[in-house]
Amino acid sequence: MSSLSASDKTLVRESAVSIRSLGLVYKTTLDRRPTLRNRLGRLARRKRQTRIVHAVRDLTLDIPYGQVTGIIGSNGAGKSTLMRVIAGILPPTTGKVEVFGKVSTLLSLGVGFNNKLTGRENVYLGGLAAGMSRDQIDEKFDSIVEFSGLEEVIDAPMRTYSSGMQSRLAFSVAASLDPDIFIIDEALSTGDARFKVKSIERIRQMKSDDRALIVVSHALKVLREICDEVIWMDKGRLVKRGEPLEVIKAYRSFLEVGSSPETDEDF
């Protein structure tokens, strides 16, 4: 994976992310029934049964600047794995990924937070982990907390926060980094309705600043509203990409479900 500075990206190409023939394979332990007999059998064989998983298969894709790209697909489709490869967390098994700009990720709500620390301390922890200096965090701290709406509990331990409160703080920190490429994985269906609206407006604002935003979500209605393009993945492969309404309609047809408040919100 290669990475260029924000000042260089416009000189190189319009793509924020360029993916060529990407494949990612990993092994997982196979133990369908974790019984004592199975465990004794494994000890006798001195090895565990494993299964090869092709999480991403021969994927070629360009994600441009200046648009919001949605990623949909059933659980196990390879969406989150792809985001982790783009973010540089997982190395590809085959193929090539080039990233042109600074990436900010919101891959799993609360990851990187320490429940023993306060919300205030976790803002600094998250910011430092993302590469910000303490002075930069000092400068942005008030706006981060104000956006999260957690002023009254920012000095309370994180363990006292609900999952929605943690998601609000995580989004607020990640969105404050002014990234060239912002990856959001399953983070828009958590939190109260008011904060969801604020988050969507923030995404629209970041799009207007000529960034690339990649949103993985089961909230199909939200994706229809904010995305310029939607990509449908299944079993590690790209099935269809294009105008959001068209791709989502094809995805629903494949799953044999219609539109409803339940499927629109979190399917």
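The values are calculated or read from the model by the stated rules, or taken from the named source; none is laboratory data. Bear in mind that the values here come from a model prediction, so they are computed numbers and not experimental data. Note that each Cβ is placed from the backbone with ideal geometry, even for glycine, and that neighbours are counted across all protein chains shown.
Of the conditions (1) at pLDDT 90 or above; (2) in contact with a strand residue (DSSP E or B) (Cβ under 8 Å, 6 or more places away or on another chain); (3) within 14 Å of SER74 (Cα to Cα), ASP234 clears all except one; give me its number. Only one criterion in (1) at pLDDT 90 or above; (2) in contact with a strand residue (DSSP E or B) (Cβ under 8 Å, 6 or more places away or on another chain); (3) within 14 Å of SER74 (Cα to Cα) is unmet by ASP234, namely (2). Among the residues making up the range 176-202, those that are assigned to a helix (DSSP H, G or I), surrounded by fewer than 22 Cβ atoms within 10 Å (Cβ to Cβ) and within 17 Å of the chain's Cα centre (by Cα) are LYS196, ILE200, ARG202.
Residues in the range 230-258 that are without any contact (Cβ under 8 Å) to a residue 24 or more places away in the chain and of a type in the set (Ser, Thr, Tyr): SER253 alone.
For the range 28-84, the candidate set comprises residues that are modelled with pLDDT of 90 or more and basic (Lys, Arg); within that set, the residue that is farthest from LEU220 (Cα to Cα) is ARG57.
Checked against the criterion of being in contact with a helix residue (DSSP H, G or I) (Cβ under 7 Å, 6 or more places away or on another chain), more than 16 Å from LEU117 (Cβ to Cβ) and modelled with pLDDT of 90 or more, the range 148-162 has at least one qualifying residue.
Here ALA193 fulfils each of the conditions (1) among the hydrophobic types (A, V, I, L, M, F, W, C); (2) modelled with pLDDT under 85; (3) touching a Ser or Thr at 6+ places or on another chain (Cβ under 7 Å) apart from (3). Among the residues of the range 175-228, those identified as β-branched (Val, Ile, Thr) and farther than 15 Å from PRO244 by Cα are ILE181, ILE183, ILE184, THR190, VAL197, ILE200, ILE203. Residues in the range 220-248 that are part of a helix (DSSP H, G or I) and either under 19 Å from the mean Cα position of the chain (by Cα) or surrounded by 15 or more Cβ atoms within 10 Å (Cβ to Cβ) (or both): 10 in all.
Residues that are more than 18 Å from ALA130 (Cβ to Cβ) and either at pLDDT 85 or above or of a type outside the set (Val, Ile, Thr) (or both) within the range 181-190 comprise GLU186, LEU188, SER189, listed in sequence order. For the range 86-119, what are the residues that are of a type in the set (D, E, K, R) and either part of a strand (DSSP E or B) or at pLDDT 90 or above (or both)? Those that are of a type in the set (D, E, K, R) and either part of a strand (DSSP E or B) or at pLDDT 90 or above (or both): LYS96, GLU98, LYS116. Among the residues of this structure, ASN122 does not count as one that is modelled with pLDDT under 95, farther than 21 Å from SER217 by Cβ and part of a loop (DSSP other than H, G, I, E, B).
When the range 132-172 is filtered for residues that are in contact with a Leu (Cβ under 8 Å, 6 or more places away or on another chain) and part of a loop (DSSP other than H, G, I, E, B), the ones remaining, listed by number, are MET132, LEU150, TYR161.
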